[in-house]
1. Only one residue in 26, 11 is within 17 Å of residue 56 (Cβ to Cβ) and surrounded by 10 or more Cβ atoms within 10 Å (Cβ to Cβ), so which one is that?
2. Quick one: in segment 35-50, of everything that is within 14 Å of the ligand (Cβ to nearest atom) and part of a loop (DSSP other than H, G, I, E, B), which residue is surrounded by the most Cβ atoms within 10 Å (Cβ to Cβ)?
3. Restricting the search to segment 17-34, which residues are within 30 Å of residue 2 (Cβ to Cβ) and part of a loop (DSSP other than H, G, I, E, B)?
4. On the basis of being more than 10 Å from the ligand (Cβ to nearest atom) and part of a loop (DSSP other than H, G, I, E, B), does residue 59 make the cut?
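Here, each number is a calculation from the coordinates, and none is a lab measurement. Quick caveat, the model's predicted, so the values are computed rather than measured. Ideal geometry is used to build each Cβ from the backbone, glycine not excepted, and the neighbour counts take in all protein chains shown.
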Ligand SMILES: [Zn+2]
């Protein structure tokens, strides 16, 4: 179905969503926009930058990157 200028004006947000099928964050469900929320492709879907970095930092907490520290003394 072609869309005329008039259709754009009368379209509801819901119709827009159906038309463009925006990608949503698989974690928080926010509609992803590359320039505002970020759009990170991850295993199983996409995430906004907030969720991506949150998961990323949690992952780092569990698996710290770095050289094992030598403990002095003890
Ligand atoms: Zn998110």
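1. 26
2. Going through the qualifying residues, I end up with 48.
3. To start, the set of residues in segment 17-34 that are within 30 Å of residue 2 (Cβ to Cβ) comprises 17-24, 31-34.
Result: 21, 22, 23, 32, 33, 34.
4. Values: more than 10 Å from the ligand (Cβ to nearest atom): yes; part of a loop (DSSP other than H, G, I, E, B): no.
When the stated conditions are applied, residue 59 does not pass them.
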